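Before any comments, here is the structure.
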Amino acid sequence: MSMSVVTLLYLVASVCFIQALKGLSHPTTSRIGNGFGMAGMAIAVLTTAGLIVKLAGEQGAAIGLGWVLLGLVVGGGVGTIMAKRVEMTKMPELVAFMHSMIGLAAVFIAVAAVAEPHAFGIVAKGDPLPAGNRLELFLGAAIGAITFSGSVIAFGKLSGKYKFRLFQGAPVSFKGQHALNLVLGLATVGLGLVFMFTESWPAFFGMLALAFVLGVLIIIPIGGADMPVVVSMLNSYSGWAAAGIGFSLENPMLIIAGSLVGSSGAILSYIMCKAMNRSFFSVILGGFGGEAGTATSGGAQKTVKSGSPEDIAFLMSNAESVIIVPGYGLAVARAQHAVKEMAAKLTAKGVQVRYAIHPVAGRMPGHMNVLLAEAEIPYDQVFEMEDINSEFGTTDVALILGANDVVNPLAHEKGSSIYGMPILEAHKARTVVVNKRSMAAGYAGLDNPLFYLDKSMMVFGDAKKVIEDIVKALD
């Protein structure tokens, strides 16, 4: 296989990745986008395998193609099993886990390239590693280390089942934290530059150690409610780590794919920050999510009205329009199929049913869109926040299923930790129905005054069971 063919195939794979991103921009074309992504990755992997065979022939020695193939089989097998077994509620943790693996892979490749640069075709055997390559490897390794350790912390926070303090959803902060981060960041850069100019192994490993620590310190002060932004941010980091390594290996596929992932992740992070009224640069530096809210609910005696599924069925069957707001509680209960059945019965009765999606609902960007798509809910019934918010004021019933922070009116009150965060304005509907397991606070740790409004009705219980009972009552 000639280098011109390799370059051409990498270009084809790159076009596939670009088409994948374009396809994934909308639910109706997401499957096509995934198809392009898989095709591009298959081309890239096979081309790389062919390149390894070519280099083995040129150097007159086996480069370990068997080990490469074994790694592909094992990694592909494990990935397939994990993807088939993972529950929808565990998808954010899976994404965080994959980000950590990408970061660790970048670190391992950088270490190997520094130790044996001739094996990667960077230099001839015995020649020193050029300073430019050392800079690229330092940047790729440092970003990869930050991505790995930060993703491990994000995984723990998203999982919510570990007792280890750093893995809990509440922010972890201490005096002088940002100053420490700054010092560690400057020290990481300084050691990286020492390695670049002197090729010092102690400086390289010292830089890696500080980068691993920095990744932890960047993520721990971020609260659980801000995890969707963290997921997209770490996605961006993983892409830049791959791109940095790609420059040293002179691999255009790694450069292009890493740049696409890095830039798209950065853009998504910016969109998420805008949706949560957060500073983009504060996200990058890990400097948000650590303030506790001081605003309190304005509910009248902190009492709520509760109802039964039969009451809710009566309300919705006599309404002209219903807006359903899905949240993480819906995902936990896996109630999306029951919701689709309920919506079909309401539609048959002449009720207009729509779904309102907040961009950071759930535990990762697009979590609710994926959930509804799994149940094959028509895309023309699903609306983003900016398209549906103006409709709540003329809607008869807003049905909130397991959502909390994204409909919390405290976002309009100064002093709240979510102040300024755009929310779904469900409180403007004529009647608000909220399904929750209990009155526990949301992921941001704040009470929700929406629950205490005179026009609000609480229905306690598992979302799937409640919705199934509503469906029976609609018959």
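Filter the chain for me: DSSP H helices, axial length by Cα at least 27 angstrom, mean Kyte-Doolittle hydropathy not below 1.0. List them by residue number.
3-23, 65-85, 91-115, 131-159, 177-198, 201-219, 227-249, 252-276
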At R0 = 30 Å the Cβ-Cβ FRET efficiency linking residue 344 and residue 271, nearest 0.05, sits at 0.40
Which aspartates and glutamates have a Cα lying under 13 Å from the Cα of residue 464, excluding residues fewer than 8 positions away in the same chain?
341
Set the bar at 29 Å for Cα to Cα. Now go through 163/302; 90/349; 163/305; 274/436; 302/465 and name every pair that lies beyond it.
163/302; 90/349; 163/305
Rg in Å to one decimal, and Dmax rounded to a whole Å, for the chain via C-alpha atoms:
25.2, 82
Tell me, in nm to one decimal, what length is gained between residue 381 and residue 7 on full extension, where the rule is 0.36 nm per residue of separation less the Cα-Cα distance?
130.3 nm
Can you give the longest stretch of the chain with no exposed loop site, where a site means trypsin sites (Lys or Arg not before Pro) in a DSSP loop (not H, G, I, E or B) with at most 16 other C-beta atoms within 10 Å?
176-301
Distance between modelled label sites at residue 304 and residue 455, nm, 7 Å Cα→Cβ extension
1.9 nm
Dipole-positive endmost among 5, 415, 102 within the chain (Cβ charges, Cα centre):
415
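What's the longest piece of the chain with no exposed GluC sites (Glu not before Pro), counting a site as exposed if DSSP puts it in a loop and it has at most 13 other beta carbons within 10 Å? Don't skip to the answer; put the middle values down first.
Numbers: sites that count: 87, 250, 320, 376.
Segment 88-249 is the longest.
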Could you work out how far apart the two model spin labels at residue 173 and residue 90 are, taking each label as a point 7 Å from the Cα in the direction of the beta carbon, and quote it in nm?
3.3 nm
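Could you check how much of the accessible area of the chain is carbon and sulfur, as a whole percent, using a 1.4 Å probe?
Accessible surface attributable to carbon and sulfur in the chain totals 66 percent.
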Could you pull out every residue, at least 5 positions away or on a different chain, whose amide H is within less than 5 Å of the one on residue 352? Hs are placed 1.01 Å off N in the peptide plane, and Pro or chain starts have none.
321, 322
Which residues' amide hydrogens lie under 5 Å from the amide hydrogen of residue 400, considering only partners 5 or more residues apart or on another chain, with H built in the peptide plane?
325, 433, 434, 435
Quick check: residue separation of residue 46 and residue 28 times 0.36 nm, minus the Cα distance between them. What number comes out in nm?
3.5 nm
Please list, in chain and number order, the residues 5+ apart from residue 382 or on another chain whose amide H is under 5 Å from its amide H, with Hs placed from the backbone.
355
Near residue 161, which aspartates and glutamates are there with a Cα under 14 Å away, not counting those fewer than 8 places off in the same chain?
93
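With a 10 Å radius around each residue's Cβ, average the other Cβ atoms per peptide and rank 200-212, 143-155, highest first. Write down the numbers at each step before the final one.
Values: 200-212: 18.9, 143-155: 26.8.
Answer by packing, highest mean first, reads 143-155, 200-212.
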From the square roots a ≥ b ≥ c of the eigenvalues of the alpha-carbon gyration tensor of the range 100-193, which class results: rounded (a/c under 1.5), prolate (a/b over b/c), or oblate?
oblate
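The values are calculated or read from the model by the stated rules, or taken from the named source; none is laboratory data. No experiment lies behind these values; they were computed from the predicted model shown. Counting neighbours? That spans all protein chains shown, and the Cβs are built from the backbone with ideal geometry, glycine included. With ligands, DNA and RNA removed, areas are computed over all heavy atoms of the protein, side chains included. Shrake-Rupley method; radii C 1.70, N 1.55, O 1.52, S 1.80 Å.
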